[in-house]
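Encoded as structure tokens, the structure appears first; notes follow it.
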Amino acid sequence: MAVGIFDSGLGGLTVYDAVARAMPDVPFVYYGDNAHAPYGVRDAEDIFNLTCAGVERLWAEGCDLVVLACNTASAVALKCMQETWVPKDKRVLGVFVPLIEALTERQWGDNSPPREVAVKHVALFATPATVASRAFQRELAFRAIGVDVEAQPCGGVVDAIEQGDEMLAEALVRSHVEALMRRMPKPEAAMLGCTHYPLMQAAFQDALGPDVKVYSQADLVAPSLIDYLARHPDFAGTGTESKFLTTGDPVRVSSKATQFLRRRIAFEAA
Ligand code: DGL
């Protein structure tokens, strides 16, 4: 059994780390499309094609189930992939829905009609492509009513993280939070709608202040995945080995990944 984890680059490592800790016996194959990151400034067709190429590579590793640990791919490409491209014996899941279920305090797969929820003012921080897709608002509307969402496209943050420039990333986070709070001065909750952003979670929390509850996907995806595999054991896949694949330079990517996760991570060429 092996499960694939796809991301445009290094951000999905936040999700990988959480699921690997929660499921220590499952081999995970991670695919980072570092050569083409960031996805957040690409158009929908590009994101669709690049995501499909990465997912096919993970299928070739014996991962019948692939998690798109990338909001941009989940928001922009996943629906079309599931409707037109994924064969019956494979599954591709996104990371958007677990975040929204946590915000709306729903159990996985609860399809009851939308209802009022405790939070009324929600800040969404995501890549420009994710914000433009309005996928978050669409999924939220299926589950909750009366929630005001203010979305901030956080240009530059993923680039700064991929380059390992933490100071620039922090400065950009601060200015994006300030820009959002000019439009929504008192959000009750903030969604980090990009898997790179948990690497900057402290900067987001600091800029937002202690009263804002910050939701990030890393911890939310693991229980959903455990639940999914228990209900769909057929998608466990034939892979047996954990590995890290990148379309970028394996030496450079390994060194950044090791810096992010604070333990040695060795990537190989995809
Ligand atoms: N980390 C990904 C996301 O969650 C992609 C960021 C990017 O490549 O722009 O959106």
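The values are calculated or read from the model by the stated rules, or taken from the named source; none is laboratory data. Predicted, not measured: the structure shown is a model, and the values here were computed from it. FYI the Cβ positions are ideal-geometry reconstructions off the backbone, even for glycines, and counts take in every protein chain you see. For accessibility, only protein heavy atoms count, side chains too; no ligands or nucleic acids. Shrake-Rupley method; radii C 1.70, N 1.55, O 1.52, S 1.80 Å.
If you take every residue apart from Asp110 with its C-beta less than 9 Å away from the C-beta of Asp110, what net charge results, scoring Lys and Arg +1 and Asp and Glu -1? Working shown, then result.
On the way: positive: Arg106, Arg143; negative: Glu101.
With Lys, Arg at +1 and Asp, Glu at -1, the neighbours total +1.
Carbon and sulfur: what percent of the chain's accessible surface (1.4 Å probe)? Numbers along the way, then the final one.
Working: 6020 of 11690 Å².
Carbon with sulfur: 52 percent of the solvent-accessible area.
Rg and Dmax of the range 191-262 over Cα atoms: what are they, in angstrom?
Every Cα atom of the range 191-262 included, Rg and Dmax give 16.5, 46 Å.
Can you tell which of Ala269, Gly237, Val251 lies farthest toward the positive end of the dipole of the range 125-270, using +1 and -1 charges on the Cβ of basic and acidic side chains (Lys, Arg; Asp, Glu)?
Comparing the listed Cα positions along the dipole, Gly237 ranks first.
Within the P(r) computed for the range 31-152, what percentage of the Cα pairs occupies the region above 25 Å? Don't jump to the answer; show the numbers that get you there.
Details: 2079 of 7381 pairs.
Summing the P(r) of the range 31-152 above 25 Å gives 28 percent of all pairs.
Across all directions of projection, what mean area in square nanometres is found for the Cα convex hull of the range 113-270?
Working: hull surface 46.2 nm².
If you wrap the Cα atoms of the range 113-270 in a convex hull and average its projections, you get 11.6 nm².
Can you compute the charge dipole magnitude of the chain about its Cα centre, using +1 on each Lys and Arg Cβ and -1 on each Asp and Glu Cβ, nothing else charged? Give it in debye, rounded to the nearest 20.
Working: 25 positive and 34 negative charges, 62 e Å.
Here the chain has a charge dipole of around 300 debye.
PRE reach from Ala236 (point 7 Å along Cα→Cβ): which of the range 10-41 fall under 18 Å by backbone N?
The answer is 20, 22-29, whose backbone nitrogens lie closer than 18 Å to the label point.
Could you give the size of the charge dipole of the range 146-252 about its Cα centre, using +1 on the Cβ of each K and R and -1 on the Cβ of each D and E, expressed in debye and rounded to the nearest 20? Show your work: numbers first, answer last.
Values: 8 positive and 16 negative charges, 33 e Å.
Around 160 debye, computed over the range 146-252.
Under a Cβ-Cβ cut-off of 15 Å, what is the net charge of the residues other than Cys63 that fall near it, where Lys and Arg count +1 and Asp and Glu count -1? Show your work: numbers first, answer last.
Numbers: positive: Arg57, Lys90, Arg91, Lys243; negative: Asp7, Glu56, Glu61, Asp64, Asp89, Asp234, Glu241.
Value of the local net charge: -3.
If I ignore ligands, DNA and RNA and count only protein heavy atoms, how much of Cys80 is accessible to a 1.4 Å probe, in Å² to the nearest 10?
Counting only protein heavy atoms, Cys80 exposes about 60 Å² to solvent.
Towards the positive end of the charge dipole of the chain, with charges on Cβ (+1 Lys, Arg; -1 Asp, Glu), say which of Val26, Phe6, Thr127 has the farthest Cα.
Towards the positive end, the residue furthest out is Thr127.
Report the full-extension gain for the segment Arg138 to Arg262: residue separation times 0.36 nm, less the Cα-Cα distance, to one decimal in nm. Could the numbers behind the result be given before it?
On the way: separation 124, 0.36 × 124 = 44.64 nm, distance 3.62 nm.
Gain on extension, Arg138 to Arg262, equals 41.0 nm.
Sort largest first and round to whole Å: the equivalent ellipsoid semi-axes of the chain, each the square root of five times a Cα gyration tensor eigenvalue.
Numbers: eigenvalues 152, 101, 54 Å².
Semi-axis lengths for the chain are 28, 23, 16 Å.
Distance between the C-alpha centers of the range 1-54 and the range 174-239? Whole Å please.
Computed from Cα coordinates, the inter-centre distance equals 16 Å.
Report, in deg cm²/dmol and to the nearest 500, the calculated mean residue ellipticity at 222 nm for the chain, where each DSSP H run with n ≥ 4 adds -39500 (n - 2.57) and the sum is divided by the residue count. Before the final figure, lay out each step's value.
On the way: 12 runs with 120 residues, N = 270.
It lands at -13000 deg cm²/dmol.
Want the number for Glu105 to Lys120: 0.36 nm per residue separation, take away the alpha-carbon distance, what's left?
Details: separation 15, 0.36 × 15 = 5.40 nm, distance 1.33 nm.
Result: 4.1 nm gained on full extension.
If packing is taken as the average number of other Cβ atoms within 10 Å across a peptide's residues, how do 110-121, 193-204 rank, most packed first? Present the calculation step by step, with values, prior to reporting the outcome.
Values: 110-121: 11.8, 193-204: 24.4.
Order by mean packing, descending: 193-204, 110-121.
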